[in-house]
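Heads up, the thing below is written out as structure tokens.
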Amino acid sequence: MNHIDDPRLTAMGLLSEVHAGLMDRLAPALAGSGLSDVDFETVLRLSRSPGQSLRMSDLAGQTGLSTSGVTRVVDRLEREGLVRRQPCATDRRASYATLTDKGVERLEKVIPQHLEDIEECFTGLLSEQQLETFLGTLRVIRDVVRPCATAGAEGSHEASPSHARQCS
């Protein structure tokens, strides 16, 4: 088989094209909210976490940012009043990023359009069965390439000791 025609290359190419296209289609709603894509991801992950709060290290793991990168994002969101930093009661070295009411309000303004955009150019193109299969497939791949993506998520299997070693 000619390596140029390898379906693995096709899979990576299609994934790259789809990601770039989706980001282009979703960008206007986010820009209109005053949130960059990383700001939106950070606020969204906090909103979907227990107590709308995550340890900074878990937030870094979930977003794929470095510790200093997530610190810069949280600093910016904190200046805007969307997030506040709270010290950990049991570990003075750790702190939490917590979504504020203003952060929830900002998210609630952008989510309806964001969901419409997702439905129009992504999930709405798939049947219910296709979407369920696709989500399962993405989780299999995500768990290998980004095992920290669910760090700090309540009740997740990723809280295992091997996960802790990979994500620290």
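Only the coordinates and a few stated rules stand behind these numbers; no lab work does. In this text, all values refer to a predicted model and were calculated from it rather than measured experimentally. In this analysis, Cβ positions are derived from the backbone assuming ideal geometry, glycine residues included, and neighbour counts consider all displayed protein chains.
Report the calculated FRET efficiency for D24 and V140 (r = Cβ-Cβ distance, R0 = 30 Å), to the nearest 0.05.
Details: r = 27 Å, r/R0 = 0.88.
Efficiency, rounded to the nearest 0.05: 0.70.
Tell me, what is a quarter of the convex hull surface for the C-alpha atoms of segment 3-167, in nm² with one decimal?
Details: hull surface 46.9 nm².
Directional mean of the projected Cα hull area for segment 3-167 stands at 11.7 nm².
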_As I understand it, the value is the acute angle between the Cα axis of helix 37-47 and the longest principal axis of the Cα atoms of the chain; what does it come to in degrees, rounded to 10?_
60 degrees
*Sorted by mean Cβ packing within 10 Å, highest first, what order do the peptides 33-44, 141-152, 120-131 take?*
33-44, 141-152, 120-131
*Measure nothing fancy, just the Cα-based angle from helix 101-121's long axis to the longest principal axis of the chain, in degrees from 0 to 90, nearest 10.*
0 degrees
*Relative to the longest principal Cα axis of the chain, at what angle does helix 128-145 sit, 0 to 90 degrees, rounded to 10?*
70 degrees
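Counting only helical runs of four or more DSSP H residues, what would the 222 nm mean residue ellipticity of the chain come to if each run contributes -39,500 (n - 2.57) and the total is spread over all its residues? Could you put the intermediate results ahead of the total?
Numbers: 7 runs with 105 residues, N = 168.
Here the helix-only value at 222 nm equals -20500 deg cm²/dmol.
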